[in-house]
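*Asks:* One structure is given below, represented as structure tokens, and several questions about it will come after.
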Amino acid sequence: MTNMAAARHKPRLGVFKFASCDGCQLSLLDCEDELLAVANAVEIAYFLEATRRPLEGRFDLTLVEGSISSPEQLEQIKDVRQRSDFLVTIGACATAGGIQALRNWGNVAEFVQAVYAKPEYIKTLATSTPISEHVPVDFELRGCPINKHQLVSVISAFLAGRRPSEPNHSVCVECKRRGTVCVMVAQGIPCLGPITHAGCGALCPSYDRGCYGCYGPAKLPNVASLARQIEGMGIAPESVDRLLHTFNTWAPEFRDAGRVGLTVVPG
């Protein structure tokens, strides 16, 4: 079989970006040695961070970074979904709207008027929302940014024809495995570790910082209980709400926990 014939039989990989910072795509490029193995196993059919190949044809596996924030993006994600056999969202923006979803509690028209000299040229949606609110998603990989080793694991699972198996326990389990002393118990530092999805290796607590919730809600998080515990440490309810409304502000488990009178703007 010629090299060209072999390439045609490789699964086609597409990597797309919507409203985001590019950090999760860069995690793929940061795989270094593992990236060479990925490139050898799949045909990278569309990935603007790495190639200028035009958008065309179908994709066996599609990785999507970023949230949907404009009418153009809304149409594009529908097209991408239609041409993708298996679609994986990567990162907090794609899985939970990202930090830009804070706009969902404000008036976007006022923001546009304040920032742009010619607001009539700006076409945007009233909300910034995750991919799953618009098209079916086959698997979500959380993080801000994602863990590159988890990304390679997801791609490997696809190539092996099995469903990805990533941990859904909380950051607290990672702290225990590292032998990191609980910052809430020992130092009285507010920490979202008990309700946050694992994947970072408990990075912040290992440096005496509370978890910020970069990886979004863990499976079945008891947000109300943790909020009461943090408030019992003398933290104002408004500050607890701000802890929850950051990278994964539009994740339902965090979104519904706000108690500071935030009003959702209809999309």
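The values are calculated or read from the model by the stated rules, or taken from the named source; none is laboratory data. A quick note: this is a predicted structure, and the numbers were derived from the prediction, not measured. As a convention, Cβ positions derive from the backbone with ideal geometry for all residues, glycine included, and neighbour counts pool all protein chains shown. What goes into the accessible areas is simple: the full protein's heavy atoms, side chains included, and nothing from ligands, DNA or RNA. Shrake-Rupley method; radii C 1.70, N 1.55, O 1.52, S 1.80 Å.
*Asks:* Choose one answer from GLY216, GLY91, GLY106: the residue with the largest mean-square fluctuation in a GNM of the chain with alpha-carbon springs under 10 Å.
*Replies:* GLY106
*Asks:* Under 25 °C and 0.890 mPa s, how fast does the chain diffuse according to Stokes-Einstein, given a Kirkwood radius computed over C-alpha pairs? Answer in µm²/s, whole number.
*Replies:* For these conditions, the coefficient is 124 µm²/s.
*Asks:* In nm, what is the difference between 0.36 nm times the number of residues separating MET233 and ASP138 and their Cα-Cα distance?
*Replies:* Stretched out fully, the MET233 to ASP138 stretch lengthens by 30.2 nm.
*Asks:* Along the positive direction of the dipole of the stretch 70-190 (beta-carbon charges: Lys, Arg +1; Asp, Glu -1; about the Cα centre), which of ILE146, CYS182, VAL112 reaches farthest?
*Replies:* CYS182
*Asks:* Looking at the chain only, what percent of DSSP beta bridges run antiparallel? Nearest 5 please.
*Replies:* Bridges in the chain are about 20 percent antiparallel.
*Asks:* What FRET efficiency comes out for the pair GLN113/HIS9, r = Cβ-Cβ distance, R0 = 45 Å, nearest 0.05?
*Replies:* The formula returns an efficiency of 0.25 here.
*Asks:* Quick check: Cα centre of the stretch 70-130 to Cα centre of the stretch 193-227, how many Å?
*Replies:* 26
*Asks:* Quick one: compute the contact order of the stretch 213-255, relative version, from alpha carbon pairs under 8 angstrom and 6+ residues apart, as a percent.
*Replies:* Computed value for the stretch 213-255: 54 percent relative contact order.
*Asks:* In the stretch 60-154, what % of DSSP beta bridges are antiparallel (nearest 5)?
*Replies:* The antiparallel fraction comes to roughly 20 percent.
*Asks:* Now, a different point. How do CYS214, CYS191 rank by accessible surface area computed with a 1.4 Å probe, from largest to smallest?
*Replies:* CYS214, CYS191
*Asks:* If each DSSP helix of 4+ residues adds -39,500 (n - 2.57) and the sum is divided by the residues in the chain, what number results at 222 nm, nearest 500 deg cm²/dmol?
*Replies:* For the chain, the value works out to -9500 deg cm²/dmol.
*Asks:* Please build a GNM for the chain, connecting alpha carbons under 10 Å apart, and tell me which residue among THR124, THR89, THR249 fluctuates the most.
*Replies:* THR124
*Asks:* Could you estimate the translational diffusion coefficient of the stretch 25-101 from the Stokes-Einstein equation, with Rh from the Kirkwood formula over C-alpha pairs, at 10 °C and 1.306 mPa s, in whole µm²/s?
*Replies:* 116
*Asks:* Next up: With the crude spin-label approximation of a point 7 Å out along Cα→Cβ, what separation in nm comes out for SER156 versus ARG209?
*Replies:* Going by the 7 Å Cα→Cβ label model, 2.9 nm.
*Asks:* Could you pull the accessible area for LYS118 with a 1.4 Å probe, rounded to 10 Å²?
*Replies:* Near enough 120 Å² of accessible area.
*Asks:* For the pair ASN168 and LEU36, what calculated FRET efficiency results from E = 1/(1 + (r/R0)^6), where r is the Cβ-Cβ distance and R0 = 41 Å, to the nearest 0.05?
*Replies:* My answer for the efficiency is 0.85.
*Asks:* Just to be sure I understand: with springs between alpha-carbon atoms less than 10 Å apart, which residue in ALA160, ALA218, ALA50 has the highest mean-square fluctuation in the Gaussian network model of the chain?
*Replies:* Of ALA160, ALA218, ALA50, the Gaussian network model singles out ALA160 as fluctuating most.
*Asks:* Report the Rg/Rh value for the stretch 1-160, based on alpha-carbon coordinates and the Kirkwood definition of Rh.
*Replies:* 1.02
*Asks:* Using +1 at the Cβ of each Lys and Arg and -1 at the Cβ of each Asp and Glu in the stretch 20-69, identify which of LEU63, LEU36, CYS24 lies farthest towards the dipole's positive end.
*Replies:* Selected residue: LEU63.
*Asks:* Separate question: Net charge within 13 Å of SER20 by Cβ-Cβ distance, Lys/Arg positive one each and Asp/Glu negative one each, not counting SER20 itself?
*Replies:* -2
*Asks:* Right, something else. In whole percent, what relative contact order does the chain give with Cα contacts below 8 Å and a gap of six or more residues?
*Replies:* Value for the chain: 18 percent.
*Asks:* First select every other residue whose beta carbon is under 13 angstrom from the beta carbon of HIS149; then total the charges, Lys and Arg +1, Asp and Glu -1.
*Replies:* With Lys, Arg at +1 and Asp, Glu at -1, the net is -4.
*Asks:* Please report the net charge: other residues with Cβ closer than 12 Å to the Cβ of GLN82, K and R +1, D and E -1.
*Replies:* +1
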